[in-house]
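To start, the structure itself, in structure tokens.
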Ligand SMILES: Nc1nc2c(ncn2[C@@H]2O[C@H](COP(=O)(O)OP(=O)(O)OP(=O)(O)O)[C@@H](O)[C@H]2O)c(=O)[nH]1
Ligand SMILES: [Mg+2]
């Protein structure tokens, strides 16, 4: 139960790209073949370990449908990490990435770690977006990239864990203000006592950074 | 979406008193105007002021705006203005920090005065003050109003509920509740709890978030009520606790997904929340409605969770002596003086304790069984029986349903309960519980009592043919049921009729035809004759058509608007749903159809048996297959071993062959050139011949010696007679000494003879050595082995070729190989025995020779002594032997001999 850190994630991307399936695979190790349209947002959680530390991930899976956009935008700001998902078998979902990214950058805090995910890698025969294209887009926009399959679970763990690693590194570097819960990061009960001084130091570092 | 942070953050607002009056006027218009347009204009005006006079609008207009959100929902324009205004109030701009503490206090007072001054607002402020002391300020007012706003916004809107939760609402709300003193806190706590309820009720995503955020653990402290809870049980405290209990129930509600409920139940036990609730349950002085709600809460926390149920079973009331909580609760259930809702709650708790809990069911039933009845203390079983047969129909109903819950999905306990016997009035024999139930049923008691008993009976005998048989065994039961069903009774009796039809239907459906009078067929005929199929089915339908049925079917908790409405039990409605269709079908089915079905069943069974046979066959064959496989494996392994032995032997043979060739070569070099082409076996033959020759020689020697012996024997005889003749004339004294001397001399002779023997032996050794040298340079044993192996080689090389082929072709060759190996071994054995026989012969002849030599020595001795005697007697005898003997004797012997000679001469 006790954790060192708690990270809040959001999962965004067009409808039907497999956001809910990715979450289900990550939390329950199951696959849901039927498209159950997400209404608004759904919550999921899981504990992972990074660097020997327990990290709790709280994940909000958002609805991809346009009509829910105003609701889902409310979640950007409070998240430390975002999985931006497209479907490798549907080019339009790839084409919409720019819009998604703009939206995310506009509403989120600037340090939010974004992981670009090309999902449904199991459907190689129906591929419309090359892996290289995904890599190029990610490079261009400073994102981490991975191709996953929510169906076979390929790279699903990695996608969530690598995002957490990136956030964790940013914390170590003092980029994140971990005392501000609005950033989607919380120090766990396991950590709180010993880390208060460290956190203070990091806060100071950040203030210094702000001055320059 | 920053508004929540703004609300909860308690930021202070602006401070320009000039707008106060205008705002007050606008607020009045919003509150009192009956025209929508007028209200709309006023809100628009408030909106335009809300940025500049954030604080003022916030303190004065909030309540009105919230009311607008409620009452003018239909007009989106006014809603928009109201929301915008609220947003402006809540949105905390940093530049408004300059506000001083004294100013804040002033505003608060102003706010209180200028506001509507309702009780609620007053309470809220009081609560805030009590909780936060002098720090209470306008920010708090806004916070508190923000709570109300959020309550409105989140009501029935899942999307907003989730956003609010995402913005850390749970954490903030729980913090406020703690700060305000939990249940002892004021209306602020109540507002927080109401908002929490909005966020969690029917929102599985938020419930999951609440659980995953470890907030269940934080609920535990809400229920840590001190012995003397300060301020007693104020109305506010009761309200707060009520909401707190409701929040617990929201998390473990039976309508939630089973997985979610189970995991919440688990953490409620692990963090000690359940234990805390049970403490309240057993505490004294708890108001009845809190106690009732606590019982309902405990019920849902344990429902279907074995660990929690086990814990609950172990809870004792702090009475003296301690009684199980279950017993204490049941006492209330069958107590007429207890409030109706409390009795319902206890029944619910009991049901939840037994839900999916076979262990608990067995424990309850066992308290009724004769072997385990404990006369000392009151048991659950006793209380249930008491309730079943009390004069209070509510107790009858509750006890019937409670007992039925001890039987659900548990045919074992259904059978066990058949054993229960009840003592009746003095002097009469005890009767079974089943009998007693039907007796009361037929006595025409209250509808509630009969409905309860019929539900118990239906549950009891359904899916339990033995219980059906027991029930039918009572001759009065079937006539009673048919009479009840067939009669045309009033509205009140319809439900009873329906239940009777159900009971009779169960008697048909779960009948194993063990009673001749009441087989399925006979009962069906009875229905047809006495009631009529259609009529029966119609009566059966009375159950589900009852107005109270569907309400009970909705949720497990028994809740009735009045005690008279207490008729259906939730679990029982499930049973009805399950059975109504199948019973209707069973009754409608003609006997022919049934026969057909039976036939189909039979053919199916036959099919089944054929399939079973085949399955067995397959299983057998499978076993055989495995056995054979194992054999094959074994044989392969043996074959491999044999192969290895063969290769080993082949190489050995090759080795021996090589050795043999070397020996042969050597033999050729040794000059036995003429014997160059002697066969391997020839060596042995030759040796044998040599041995035989030697033996022959020894035999002839033997014969020679024997003839000598015979000669000497005759000589002795003749000499003896001579001696007899001559001894008559000689002196006996000198004769004696002479004889002694003679013996001595003979001893000497023996010595010499012994020397002769050893010489013979060494001669023999030499002879043997000679034999060895003639038969080659190898030792005798080696030669034997070599020849033996040569022989084996010849046989085995042939055999090996054959064996190799045979091994490859089929595993039978193994047997042959063994046989042939045995043959080879036996040849070896034969050779060995032959060899040992020969050796034995040699040693025998040696022994024979030795014996002969001994004999010879004896004879010689005798001859010598006799000769000596003859000499002494004056006869002249050839003395070669004597001389010879003397020449060959040792020096010691010589000395002795000389002495002897001296004496003799
Ligand atoms: N073959 C394959 N199908 C997938 C994969 N991931 C998701 N799907 C399918 O894609 C469909 C949509 O998946 P969802 O996870 O419901 O999509 P979503 O992104 O949550 O959609 P919205 O909730 O509408 O935003 C479903 O039929 C899934 O079975 C995958 O990795 N491989
Ligand atoms: Mg989805």
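Every number here is computed from the coordinates shown, using simple stated rules; none is lab data. Computed from a predicted structure; not experimentally measured. No Cβ is skipped: glycine too gets one built from the backbone with ideal geometry, and neighbour counts run over all protein chains shown.
Full extension of the chain segment joining residue B:412 with residue B:175 gains 80.3 nm, where the gain is 0.36 nm per residue of separation less the Cα-Cα distance. Return the whole-Å distance between the Cα centroid of segment B:601-632 and the Cα centroid of segment A:1-63. Cα centroid to Cα centroid, the span is 50 Å. When restricted to Cα atoms, segment B:416-521 yields an Rg and a Dmax of 13.8, 41 Å, respectively. Mean residue ellipticity at 222 nm, helices only, chain A: -12000 deg cm²/dmol; runs of at least 4 DSSP H residues each add -39,500 (n - 2.57), and the sum is divided by the number of residues. With the convex hull of the Cα atoms taken as the outline of chain A, the averaged projected area works out to 11.8 nm². Distance between the modelled labels on residue B:419 and residue B:157, one decimal in nanometres: 6.3 nm (7 Å Cα→Cβ projection). Using a/c under 1.5 as the rounded threshold, could you call segment B:486-564 rounded, prolate or oblate? The axes a ≥ b ≥ c are square roots of the C-alpha gyration tensor eigenvalues, and prolate needs a/b larger than b/c, oblate otherwise. Note, shape of segment B:486-564 comes out prolate. The angle between the Cα long axis of helix A:189-211 and the longest principal axis of the Cα atoms of chain A comes to about 90 degrees, rounded to the nearest 10. log10 I(q)/I(0), Debye, Cα-only segment A:1-72, no solvent, q = 0.14, 0.15, 0.16, 0.21 Å⁻¹? So the normalised log intensities are -0.47, -0.53, -0.59, -0.87.
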